[in-house]
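Remarks on the structure that follows.
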C-alpha cells in the first residue's frame, strides 16, 4: 500500500466511524420485539426519503459491524427488508418483502454467528438451495436463486423477518457454543458437538470483510 492508498483508507475508516454515530443500536437477543414477525413494507413507502435513509443506515450498519448481512429488525425497524452481500454477483443486494422457498430437501451445515446474539456461535443446518422473490431498493421486482453458502446466509437473514434467531434453529443445545470456546474447537473430541461439526465450515465472507463495498453509497 502506497502513501496515497494509506491516506484513502484512513479517510474511509474515519468517515465510517463518524457515520456510525448515527446508527441505531443493535437489537439483541432477549428483546421481545425480535421474536415477532415483521410487517410488510408498503411499496409506496420505498421511494420516500425516510425509507431510503433506513436503507442507507442499513448499509452503514453492515459495514460498521463487518457483517455478511443485516436485517431491518436488528436496527429497530420491524419491517420486512434486509441487506446481504452476494458473492455470486459480487454485489450488495437489498431485499424488500422477500418470499423464500427451499428448492431442495438437502441441508447445508455450517457454523454461524449473529449480530443480535453476541459472543455465540451455532452449528446450524439450513436449506442448501433456495429461491427468493421480492423487491429491490427501487421497488422493482427481484428474483434470485441461491445455493450453498449464499443460501445458508440468505436463510439466516430472512429468519429475522419472521422473528427467529439461530437459537431457534439449533437442533441440540450443545450446538450453541461461546465464541471463545469455538476458537478452541481443534481440541474438541471428533464427534463434538455432533458428528462432523468440529471440521464444518465457518461462514466467512469470500474476499474479506470489505468485499464489494467499493463504490457503494
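The values are calculated or read from the model by the stated rules, or taken from the named source; none is laboratory data. These numbers come from a predicted model, not from an experiment. Positions of Cβ are backbone-derived with ideal geometry, glycine not excepted, and every protein chain shown enters the neighbour counts.
Okay, residues lined up against (1) in contact with a helix residue (DSSP H, G or I) (Cβ under 9 Å, 6 or more places away or on another chain); (2) within 18 Å of residue 31 (Cα to Cα); (3) modelled with pLDDT under 95:
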position	(1), (2), (3)
73	yes, yes, no
94	yes, no, no
110	yes, no, yes
137	yes, no, no
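Of all the residues that make up region 140-163, how many are crowded, with 16+ Cβ neighbours inside 10 Å and out of contact with any strand residue (DSSP E or B) (no Cβ under 7 Å at 6 or more places or on another chain)?
Of the residues in region 140-163, 3 are crowded, with 16+ Cβ neighbours inside 10 Å and out of contact with any strand residue (DSSP E or B) (no Cβ under 7 Å at 6 or more places or on another chain).
Which number in (1) in contact with a strand residue (DSSP E or B) (Cβ under 9 Å, 6 or more places away or on another chain); (2) not in a strand (DSSP E or B) marks the one condition that residue 118 misses?
If we test residue 118 against (1) in contact with a strand residue (DSSP E or B) (Cβ under 9 Å, 6 or more places away or on another chain); (2) not in a strand (DSSP E or B), just (1) comes out false.
Return the residues of region 165-194 that are buried (at least 16 other Cβ atoms within 10 Å of the Cβ) and in a loop (DSSP other than H, G, I, E, B); say none if nothing qualifies. I'd like the intermediate steps shown before the answer.
Of region 165-194, the ones buried (at least 16 other Cβ atoms within 10 Å of the Cβ) are 165-167, 169-170, 175-177, 182, 185, 193.
Result: 165, 170, 193.
Check region 43-59 and report whether any residue there is within 18 Å of the chain's Cα centre (by Cα), crowded, with 17+ Cβ neighbours inside 10 Å and under 15 Å from residue 135 (Cα atoms).
Yes: region 43-59 contains one or more residues that are within 18 Å of the chain's Cα centre (by Cα), crowded, with 17+ Cβ neighbours inside 10 Å and under 15 Å from residue 135 (Cα atoms).
Condition first: assigned to a loop (DSSP other than H, G, I, E, B) and under 12 Å from residue 80 (Cβ atoms). Now tell me which residues in region 140-163 satisfy that. Show your work before the answer.
Restricting attention to region 140-163, the residues satisfying the condition of being assigned to a loop (DSSP other than H, G, I, E, B) are 140, 162-163.
Passing the criteria: 162, 163.
Under 24 Å from residue 66 (Cβ atoms) and surrounded by fewer than 17 Cβ atoms within 10 Å (Cβ to Cβ) - does that describe any residue in region 126-139?
yes
Quickly run through region 34-65 and pick out the residues that are part of a loop (DSSP other than H, G, I, E, B) and more than 24 Å from residue 168 (Cβ to Cβ).
Correct list: 42, 46, 47, 48.
Only one residue in 104, 89 is at pLDDT below 95, assigned to a loop (DSSP other than H, G, I, E, B) and in contact with a strand residue (DSSP E or B) (Cβ under 7 Å, 6 or more places away or on another chain). Which one?
Residue meeting the stated conditions: 104.
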